[in-house]
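Down below is the structure, laid out as structure tokens.
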Amino acid sequence: MGNSGRRKPPLVAPKRTNAAKPAPRKARGRKPRRAARSRNPLVRFFGAILRFVWRIVWGIGWRVTAVLALVIGLSVAYIYAGLPEYQTLIDGRARGSVTILDRDGEVFAWRGDQFGGVVTADTVSRHLRNAVIATEDRRFYRHPGIDPIGITSAIRINLREGRGPLSGNGGSTITQQTAKLLCFGQVYDPAKWDSEAAYVAYCRQSSLIRKGREALYALAMEAKYSKDQILTIYLNRAYLGGGAYGAEAAAQRYFGKSAANLTPAEGAMIAGLLTAPSTLAPTANLERSQNRARIVVGLMRRQGYLSDTDAAVALANPAVLSEAAERRAGGYFADWVMASGPEFLTRDTTEDVIIRTTLDQRIQRAAEEALRTVFDERVSEESKAQAAIVVMSADGAVRAMVGGRATRVVGAFNRATQAKRQTGSAFKPFVFATALELGYSHDSVVVDEPFCLNIPGSGRWCPENYTRDHKGRVSLTRALAESINIPAVKVSESVGRDLVRKVAADFGIESDLADGPALALGASESTLIEMTGAYAGILNGGSSVTPYGLSELRLMGEDAPLMNRQGGIGERVIREEAARELIYMMSKVIESGTGTRARLPGREAAGKTGTTQAARDAWFLGFTADYVAGVWMGYDDNTPLKGVTGGGLPAAIWRETMVRVHEGLEPRPLPMLRPAPRPEPAPMPVPQTQRRAPVASGNPIEKLLRSIFGN
């Protein structure tokens with residue numbers, strides 16, 4: 001009971017002063033606690049600043065990104081809504097094309113913006129399709145229209161080579177290049193741009209803003225069109241040199257085949273043109289184009305588009321031009337036809353036009369080879385002298401035209417049609433044509449003697465002959481054959497200069513003709529094609545001729561021609577009898593006169609030489625029964641020729657041309673007067689007083705004399 005009423009002490013464990021604390025348990029599967037925050041106030045201060053800046057950047061960044069994404073999305077949606085069906089974007093040329101055919105219907109030249117027809121990514125040769133992708137955009141089927149990897153690589157290459165980040169390689173995808181080809185949907189407007197070239201330059205501008213716009217348009221195109229549709233637009237709109245737009249036009253232009261049938265080497269060559277189409281075009285420099293194609297073949301092999309064997313074959317057999325593209329025949333002729341046709345259907349056409357011409361490619365080659373042969377064999381390499389040739393039929397249909405020594409040119413100065421030069425004695429046939437029309441005859445006589453005229457306002461004028469002598473009484477035939485000046489002036493003054501000018505003009509010499517008496521000596525200027533056409537008028541019997549090269553013009557795909565021409569013969573100028581007599585007189589020029597170097601073996605020919613004062617121009621024009629040809633030679637700057645007359649090198653060029661032109665043709669006689677041969681004059685009788693009496697036969701001395709001198 002003694003403890004009753006007392007509080008019991010609490011039950012507590014005894015204090016342990018030295019007992020070891022148990023090791024803390026490791027929490028399974030839990031990460032270790034973060035390290036304690038640094039107690040260094042400086043570290044904590046800068047850490048707080050960094051966290052604050054990050055919160056600001058993140059807060060602004062995601063908002064800006066969201067806004068940019070919204071703007072880009074709206075922009076792409078806006079562009080997307082305005083994109084038309086892809087088929088309407090395939091042909092975007094501002095001008096049409098002109099395909100020029102020869103007389104047999106074979107293509108020999110192209111002008112304007114060629115478009116051979118639509119190809120698709122499915123129908124085009126797989127070698128061309130693969131070459132384009134390997135060269136221009138190897139990740140084409142894997143990106144959404146822009147390629148960040150390609151852009152980064154392009155910038156790195158540009159900086160490494162010392163250029164600006166946007167200079168040189170651009171890293172543009174095929175889709176971006178297509179957007180640029182479409183000029184972001186802007187079509188050519190003559191009211192907005194001064195020229196088509198200005199429009200193209202605007203579309204090709206490069207800047208950060210333009211790159212951004214290009215990227216937006218590319219994204220919209222990727223959303224609107226399939227990859228193959230984009231590639232189809234690109235393959236049809238890309239410029240590939242030589243006036244060819246699109247793969248089909250290039251394949252036809254360079255290889256004479258469809259784009260569906262291209263070999264690996266040909267596909268590689270066309271794809272290689274995309275970098276610099278004008279510079280790399282095989283018609284401009286085939287070797288350079290082949291070198292570029294080798295690089296493309298290597299890319300195709302490395303990317304798996306060609307096996308090692310196929311690549312080796314393509315490298316060993318590089319693409320070559322078709323025969324038509326290699327020849328590049330008739331460049332001067334094609335330019336002349338384009339200039340002579342209606343402008344809205346030739347130079348400025350918006351349609352695809354086909355022109356059939358009078359050109360004969362065999363004769364064209366003959367003229368080019370003849371010119372080259374004579375200059376190689378008879379003219380020094382340092383000479384800058386030029387020459388031109390025109391060959392035509394008697395009705396004015398031009399069969400060949402060479403406008404200068406450089407025959408494979410386009411847009412060059414054409415000395416056959418554009419150079420107006422003094423004609424010299426080549427004009428004389430029109431003087432004698434006038435005389436024959438008025439009743440003179442080929443054997444009419446004129447006196448070659450010193451002759452002077454008083455010209456009002458100019459004083460006394462005394463023409464001289466080239467030989468500086470006088471022949472006395474000569475027939476008109478001899479005067480023309482030997483190109484004697486004084487008889488020509490006398491005949492011209494006799495029939496009247498006005499009539500001579502009229503006859504020459506009616507024959508087709510449209511250039512201004514001289515007013516003075518020097519008209520008869522060819523003081524007037526004319527072009528080679530005018531003179532050749534005038535000589536054709538003599539051959540066809542005295543009717544005027546208008547030289548022509550365009551025989552038919554029609555729109556591509558149409559059968560009915562818009563223009564059609566079958567001949568260039570016009571009104572009669574002189575009587576047929578007079579023309580036949582003049583042809584006879586001109587035949588003597590080649591047979592025995594100043595043009596003997598133009599003689600053709602086994603074939604009749606007629607013509608006339610011409611040499612101007614100081615030999616600044618030398619001409620030979622003439623014809624056979626089949627063709628008329630004219631040759632001019634001289635310097636563009638009027639430098640006198642050295643030792644050259646019309647009967648020299650021009651006659652030699654004419655002969656070389658006509659020999660080649662007439663290969664395989666049966667000789668035909670000229671349509672000329674053929675005077676009856678004059679009887680041999682009877683021996684003049686010996687006067688009676690001069691006759692010797694017969695010697696008696698019995699005297700031996702007389703027999704000896706008879707054996708020596710006769711009776």
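What follows draws every value from the coordinates through simple rules; no lab data is involved. These figures come from a predicted structure and were not determined experimentally. Note that we place each Cβ from the backbone using ideal geometry, even for glycine, and neighbour counts take in every protein chain shown.
What's the local net charge at Val545, with K and R +1, D and E -1, over the other residues with C-beta under 14 Å away?
Summing Lys/Arg as +1 and Asp/Glu as -1 gives -2.
I need Thr175, Thr467 ordered by Cβ neighbour count within 10 Å, fewest first.
The order, fewest Cβ neighbours first, is Thr467, Thr175.
Consider the candidate values (1) 44.5, 230; (2) 26.4, 105; (3) 28.1, 87; state which one is Rg and Dmax of the Cα atoms in Å computed from the structure displayed.
Computed from the coordinates, Rg and Dmax of the Cα atoms in Å corresponds to (1).
Report, in whole Å, the centroid distance computed from the Cα atoms of the range 550-575 and the range 273-300.
If we compute the Cα centre of each part, the gap is 41 Å.
Sorted from fewest to most neighbouring beta carbons within 10 Å, what does the list Arg405, Arg347 look like?
Ascending Cβ contact count within 10 Å gives the list Arg347, Arg405.
Please list 349-360, 115-126, 438-449 highest first by mean number of surrounding beta-carbon atoms within 10 Å per residue.
Highest-to-lowest ranking by the protection proxy: 349-360, 115-126, 438-449.
Can you give me the Kirkwood hydrodynamic radius for the range 187-235, using every pair of distinct Cα atoms, in Å to one decimal?
That comes to 12.6 Å for the range 187-235.
Please go through the residue pairs Lys490/Lys642; Lys420/Lys608; Lys428/Lys471; Lys384/Lys588; Lys227/Lys257; Lys180/Lys257 and name each one whose alpha carbons sit more than 22 Å apart in this structure.
Lys490/Lys642; Lys384/Lys588; Lys227/Lys257; Lys180/Lys257, as the Cα separations exceed 22 Å there.
For the range 114-327, report the % of Cα-Cα distances exceeding 26 Å.
36 percent
How do the peptides 191-200, 485-494 rank, highest first, by the average count of neighbouring beta carbon atoms within 10 Å per residue?
485-494, 191-200
Aspartates and glutamates near Lys224 by alpha-carbon distance under 17 Å, same-chain residues fewer than 8 away left out - which ones?
Cα-Cα hits under 17 Å: Glu85, Glu214.
What's the extension gain from Ser340 to Arg460 if we count 0.36 nm per residue and subtract their Cα-Cα distance?
38.8 nm
What per residue convex hull volume, in Å³, do the alpha-carbon atoms of the range 373-661 yield?
Hull volume normalised by residue count: 148 Å³.
Taking the Cα atoms only, what angle lies between the long axis of helix 485-495 and the longest principal axis of the chain, rounded to 10 degrees?
Rounded to the nearest ten degrees, it is 80.
Let me check the size of the range 571-650 from its C-alpha atoms; what are the radius of gyration and Dmax in Å?
14.0, 42
What does the charge count around Lys490 come to, taking other residues whose C-beta lies under 10 Å from its C-beta (Lys +1, Arg +1, Asp -1, Glu -1)?
Taking every Cβ under 10 Å from that of Lys490, the sum is -3.
Under a Cβ-Cβ cut-off of 13 Å, what is the net charge of the residues other than Thr178 that fall near it, where Lys and Arg count +1 and Asp and Glu count -1?
Charge balance in the 13 Å sphere: -1.
If one takes the longest principal axis of the Cα atoms in the chain, at what angle in degrees, from 0 to 90 and to the nearest 10, does the Cα axis of helix 227-237 lie?
So the helix axis and the longest Cα principal axis differ by about 30 degrees.
Can you order the peptides 55-68, 562-575, 598-611, 543-556 by their average number of other Cβ atoms within 10 Å per residue, highest first?
598-611, 543-556, 562-575, 55-68
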